[in-house]
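Written below as structure tokens is the structure these notes are about.
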Amino acid sequence: MTLEKLNRQRVVHLLDAFARGDIETALSCCTDDVDFLTHAPSDVLPHMAPRHGKQELRELWQTVWSRYSEIRYKAPHILAEGEAVATYMHTYFRKRSNDRIVQFDMAVFYTFRGGLVAQIREIIDSYDLVQQVLEREIGPLIVGTRVD
């Protein structure tokens, strides 16, 4: 098996573990000093601040699972080259508070070291995500018009 195929399988294993709520198995796919960064507004989604190390990533993932009762994903594109894997995913998170589904697309880039994920970089349409999480249109707030 090529390194690319193996790393692709490793990413799918991590994603599947996370999607079923098995945080410890997902973390076992990562280095102790794993570095996580997502491009999301941390003032609205403070749990999405940069994280370093398994404990901080565990706290992030536990916070996510405390807010959502179900997580699903579809990954129509997973590309691997050497120690890097890029994914394009459609994600679906069911809110615990009201069963509403938050759905958004994201690109996630993984870098491996010694067969484990050492770096995770996410790119999310944060404008759309924030509207769904807050359950309101945020455009008028940004441009300073009143919403009734």
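The numbers here are math on the coordinates, done by the rules we state, and not lab data. All of these numbers come straight from a predicted model, not from anything done at the bench. Note that each Cβ is placed from the backbone with ideal geometry, even for glycine, and that neighbours are counted across all protein chains shown.
Excluding Arg94 itself, what net charge comes from residues whose Cβ is under 12 Å from its Cβ, given Lys and Arg +1 and Asp and Glu -1?
Residues close to Arg94 contribute a combined charge of +3.
Using the Karplus curve 6.51 cos²θ - 1.76 cosθ + 1.60 with θ = phi - 60°, what ³J(HN,Hα) values do you get for each residue of the range 102-108, in whole Hz, with x for Gly and Pro?
Each residue's phi maps through the Karplus curve to give 9, 10, 7, 9, 8, 10, 10 Hz.
Hey, which lysines would be in cross-link range of Lys95, C-alpha to C-alpha under 26 Å, not counting anything within fewer than 8 residues on its own chain?
Reachable lysines: Lys54, Lys74.
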